[in-house]
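Okay, so here's the structure we're looking at.
The values are calculated or read from the model by the stated rules, or taken from the named source; none is laboratory data. These numbers come from a predicted model, not from an experiment. Here the Cβ positions follow ideal geometry from the backbone for every residue, glycine too, while neighbour counts run over all protein chains shown.
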Amino acid sequence: MSARPVEYSEVNELGMLNPPSVPDLASGKQKPPTFDELGGQLETAGANWLFGDGIGKTMVNVGAVVLFPPYAIYLVGNAGLAMFGQEPLYVTDLLPEAPREGYLTVYDAVTSVPGLLTSTVAGEEFRVPKRLQ
């Protein structure tokens, strides 16, 4: 029995699975995954993270926390929002459309470099982020 494939929408900006929301689990709207489903989802999400832009985004977040420790509060807050089924908040949402697209294009290009290197070394296909497709 194979696990259902992971939809890209179930994977967050770090290439990791979005956790099931607590309210949806409590109300019965969403069923917890079986062990087979979870294993397949974790395998796919891990490969997307390592061979995509997830590893680069993680490196940027860790570097930002080291340079500016209060940034960790922002990251924990976004994790809490995702856990309770809400959309994370991004500072780039405050920018006008043209500057936001320019910033995100550069950010995606920079954060894709580590994943591109690991996928090349491993002989895997690079997992192109949805924004860059």
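Of note:
- Output for the range 61-92, where each listed residue is within 17 Å of the chain's Cα centre (by Cα) and loosely packed, with under 11 Cβ neighbours inside 10 Å: Val76, Glu87, Val91
- Gly56 vs. criteria at positive phi and of a type outside the set (S, T, N, Q): no
- Residue under evaluation Glu124, criteria (1) under 16 Å from the mean Cα position of the chain (by Cα); (2) among the charged types (D, E, K, R); (3) surrounded by 11 or more Cβ atoms within 10 Å (Cβ to Cβ), criterion not met: (1)
- Filter pass, Ser119 being within 22 Å of Tyr71 (Cα to Cα) and of a type in the set (Ser, Thr, Tyr): no
- Just so you know, in the range 97-130 the residues that are of a type in the set (D, E, K, R) and out of contact with any Ser or Thr (no Cβ under 9 Å at 6 or more places or on another chain) include one that is nearest to Thr58 (Cα to Cα), and it is Asp108.
- Any pair with Cβ under 9 angstrom, 6 or more apart, that starts in the range 107-130 at a residue that is in contact (Cβ under 8 Å) with a residue 24 or more places away in the chain and closer than 16 Å to Gly46 by Cα and ends at one that is assigned to a loop (DSSP other than H, G, I, E, B) and of a type in the set (Lys, Arg): Gly115/Arg127; Ser119/Arg127
- Helices (runs of 4 or more DSSP H) contained entirely in the range 1-78, each with at least 2 residues that are at pLDDT 80 or above and of a type in the set (D, E, K, R): 35-50
- Val128 being at pLDDT 90 or above and either among the hydrophobic types (A, V, I, L, M, F, W, C) or assigned to a helix (DSSP H, G or I) (or both): no
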